[in-house]
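Read-outs throughout are calculated quantities, based only on the coordinates presented, and are distinct from any laboratory measurement. This is a predicted model, so every value here is computed, not measured. Cβ: placed from backbone, ideal geometry, glycine included. Neighbour counts: every protein chain shown.
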Amino acid sequence: MGTLNLLEAARQFCPESPFIYLSTNKVYGDLPNTIPLQELETRWEYDDPAYLKGIPESFSIDQSKHSLFGASKIAGDIMVQEYGRYFNMPTCCLRGGCLTGPNHSGVELHGFLSYLVKCNLEGREYRIFGYKGKQVRDNMHSEDVAGFIHAFFKAPRCGEVYNLGGGKDNSCSILEAFALTEQFSGKKQVYSYVDEHRIGDHICYYSDLTKMMSHYPGWNITKSLVETVKEIVVSWQERLDV
């Protein structure tokens, strides 16, 4: 059943129930790549003070190249906002970044940290696609994702949008993720480099959590990036029996 059908069913039969849509930060397309960046030793970093804390929800989704996945998510994202505002329904779009945890089954094009850890433990080659391996993502533990969903459920608002991510403190580049993983696995990362980035890929992206914390001051990030990587390593060690 499509998002529109679900929204209409909710409007007709339970309009008071919170409707939470898991969108994606890919709705911003490649527009974040237009922000000035500075190249550091192991990562790219925003070189514009306006984005010191990351990408806010007010960032434009227009005039940029999206993946087909991102474009399809925009359709649902806008409709969820519209139902919230037009019908005064308690809806929100959670524009997720890298949402992960110890049970994440990552694959090459999705599940960045989990797939990287699995490759490390299996001694499998991890392929870096462009940007010198310095592309940055923020990572959010599944427990904190569930915690925010519960916070919204208890105190819903109408037609809201939140950038759901770990924020700057829980961001890392691929090179930095290699180092973190090696710290817990004791194994060197095997990797190759492809000097061609993926279409619509972000060079640097992490979420500004200001709005989330302002609307829900009782919620906060409880799992650090270091804790998250350690949990993923331990989980894959158990699953792979290594």
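Some observations on this one:
- Counting only Cβ charges, +1 for Lys and Arg and -1 for Asp and Glu, the dipole size of the range 151-242 around its Cα centre is about 340 debye.
- In a fully extended conformation the segment linking residue 60 and residue 169 would gain 36.9 nm over its present Cα-Cα distance, using 0.36 nm per residue.
- Scaled radius of gyration (Cα, divided by 2.2 N^0.38 Å) that the range 136-214 gives: 1.41
- The range 109-146 and the range 168-242 have Cα centres lying 6 Å from one another.
- Under a Gaussian network description of the chain, with springs only between Cα atoms under 10 Å, the residue in 225, 37, 164 that fluctuates furthest is 37.
- Alpha carbon Rg of the chain, scaled by the compact-globule rule 2.2 N^0.38 Å: 1.04
- Between residue 108 and residue 68, the C-beta separation translates, for a Förster distance of 22 Å, into a calculated FRET efficiency of about 0.80.
- Convex hull projection area averaged over all views, the range 6-148, Cα basis, nm²: 10.8 nm²
- Listed peptides 75-81, 138-144, 45-51 by packing density, highest first (mean Cβ within 10 Å): 138-144, 75-81, 45-51
- Helix-derived mean residue ellipticity, 222 nm - over the chain, DSSP H n ≥ 4, -39500 (n - 2.57), to 500: -11500 deg cm²/dmol
- Mean Cα-pair separation over length for the range 3-240, i.e. relative contact order, pairs under 8 Å, 6 or more apart, %: 28 percent
- GNM top mover of 211, 223, 73 - the chain, alpha-carbon springs below 10 Å: 211
- Placing unit charges on the Cβ atoms only, positive for Lys and Arg and negative for Asp and Glu, gives the chain a dipole magnitude near 280 debye about its Cα centre.
- Among the lysines of the chain, pairs at least eight places apart or on separate chains and with Cα atoms under 16 Å apart come to 13.
- Virtual spin-label span in nm between residue 9 and residue 142, 7 Å along Cα→Cβ: 2.4 nm
- Looking at the range 102-241, the pairs of alpha carbons with a distance over 19 Å make up 54% of the total.
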